[in-house]
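Presented below is the structure to which this report refers.
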Amino acid sequence: MLPTHVPAWTSRSQSFDAVVLEAFAEIDARWHDRLTGLDIAVDEVPRMLPRDPDTVQWPAEVTADGPIPLARLIPPGMDGDGRATKARILLFRRPLESRAKKGADLLDLLHEVLVQQVAAHLGVDEDTIDPPPQ
């Protein structure tokens with residue numbers, strides 16, 4: 001462990017943000033022109049929980065592991081001051097981290113979740129965003 005005043009020190013949330021950027025880089029490289037109206041944000045935990053976890057059916061804009069949301073696509077809209085807002089993919093850090101056993105697992109999981117969310121945003125199939133190897 002490094003002390004917080006050492007330049008190499010990063011918090012868990014800063015490390016997570018760096019992995020998000022790495023997981024999104026390939027998607028952004030392929031689809032940048034169509035993703036200019038999209039932001040990516042991170043929240044610690046989801047603020048939405050199902051009323052009945054046993055029978056929950058999430059809408060297409062939510063990526064979940066059973067009753068636990070991992071990410072959510074928020075459509076563009078207006079803020080409280082009447083200004084237009086971009087569409088946003090909201091990733092939930094703690095549920096994602098808890099499902100990844102090591103760093104590479106987190107990168108793979110984030111890439112998978114981002115592919116699902118970008119596909120929902122663009123209204124295309126996930127294989128269009130990230131084609132399977134041939």
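The values are calculated or read from the model by the stated rules, or taken from the named source; none is laboratory data. From a predicted model like this one, the values you see are computed outputs, not experimental measurements. Cβ sites come from the backbone with ideal geometry, for glycine too, and all protein chains shown count toward neighbours.
V118: surrounded by fewer than 15 Cβ atoms within 10 Å (Cβ to Cβ), at pLDDT 95 or above and on the phi < 0 side of the Ramachandran plot, yes or no? When the stated conditions are applied, V118 does not pass them. Across segment 11-27, a minimum of one residue is classified as modelled with pLDDT under 95 and part of a loop (DSSP other than H, G, I, E, B). The number of residues in segment 87-107 that are in contact (Cβ under 8 Å) with a residue 24 or more places away in the chain, in a helix (DSSP H, G or I) and either out of contact with any strand residue (DSSP E or B) (no Cβ under 8 Å at 6 or more places or on another chain) or surrounded by 15 or more Cβ atoms within 10 Å (Cβ to Cβ) (or both) comes to 8. If you go through segment 53-75 and keep only what is in contact (Cβ under 8 Å) with a residue 12 or more places away in the chain and either in a loop (DSSP other than H, G, I, E, B) or at positive phi (or both), you end up with P53, D54, A60, E61, G66, P67, P75.
Scoring H111 on the criteria (1) surrounded by fewer than 18 Cβ atoms within 10 Å (Cβ to Cβ); (2) touching a helix residue (DSSP H, G or I) at 6+ places or on another chain (Cβ under 6 Å); (3) not polar (S, T, N, Q) leaves a single failure, condition (1). Out of D33, D54, one residue alone is among the charged types (D, E, K, R), at pLDDT 95 or above, surrounded by fewer than 18 Cβ atoms within 10 Å (Cβ to Cβ) and out of contact with any strand residue (DSSP E or B) (no Cβ under 9 Å at 6 or more places or on another chain). It is D33. Residue-level check: of (1) more than 27 Å from E22 (Cα to Cα); (2) in contact with a strand residue (DSSP E or B) (Cβ under 7 Å, 6 or more places away or on another chain), L49 misses just (2).
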